[in-house]
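The values are calculated or read from the model by the stated rules, or taken from the named source; none is laboratory data. Small disclaimer: the values here were computed from a predicted structure and weren't measured. All Cβ positions, even for glycine, are placed from backbone atoms using ideal geometry, and neighbour counts span all protein chains on display. The accessibility values were calculated without ligands, DNA or RNA, using every heavy atom of the protein model including side chains. Shrake-Rupley method; radii C 1.70, N 1.55, O 1.52, S 1.80 Å.
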Amino acid sequence: MSDADSCVFCQIVRGALPATKVYEDERTLAFMDIQPASHGHTLVISKAHAANLLELAEPDLLAAAATTQRIARAITKALAPDGLRIAQLNGAAAGQTVFHYHVHLIPAWEGQRVAIHGRERAKPQELAALAAQIQAALTS
Ligand code: 5GP
Ligand code: ZN
């Protein structure tokens, strides 16, 4: 079995596992984090499997950067956070838990401590509502 066969995010790309999708194009996919660190926590991933930044091909990195900015603007428009934390972890020692390149977009509000990892799974209907709000901001 290759890394990509067992990889959770590759399964989402293939449609073998469900995800609350926000956006996709040829090289990238954005979906809601299942265990959000804050309201609106979204992940941007490369569709191609690469464990982390060090292994990612440059065209996929550039595409992911463009999608990250696009989603960052949509989150800002849709949810009006006071700030937006963008994080990307490389290696277990850095806190990485899913070894497929992804960028965290974590909305932040004044007075609330913002982590990178959440503690509880979100309700599917809450994630769907957030994804719809962010999607609407992408197209408006
Ligand atoms: P990492 O620590 O690797 O940077 O972050 C992995 C992120 O992926 C975590 O925030 C975690 O909640 C999220 N995650 C893990 N498995 C799934 C999944 O099956 N679906 C979704 N939507 N998010 C996931
Ligand atoms: Zn993968």
Scan region 21-33 residue by residue and report those that are surrounded by 18 or more Cβ atoms within 10 Å (Cβ to Cβ) and either more than 14 Å from V103 (Cβ to Cβ) or of a type in the set (S, T, N, Q) (or both). T28
In region 68-87, anything closer than 19 Å to E24 by Cα and more than 16 Å from ligand 1 (Cβ to nearest atom) is listed as Q69, R70, A72, R73, A74, T76, K77, A78
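The rows are residues; the columns are (1) within 16 Å of ligand 2 (Cβ to nearest atom); (2) open to solvent by 70 Å² or more (accessible area, probe 1.4 Å).
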| residue | (1), (2) |
| --- | --- |
| G15 | yes, no |
| Q35 | no, no |
| A66 | no, no |
| K77 | no, yes |
Residues of region 85-115 being over 22 Å from A4 (Cβ atoms), open to solvent by less than 50 Å² (accessible area, probe 1.4 Å), at pLDDT 95 or above and part of a loop (DSSP other than H, G, I, E, B), in sequence order, are G95
Of the conditions (1) more than 12 Å from ligand 2 (Cβ to nearest atom); (2) out of contact with any helix residue (DSSP H, G or I) (no Cβ under 7 Å at 6 or more places or on another chain), G40 clears all except one; give me its number. (2)
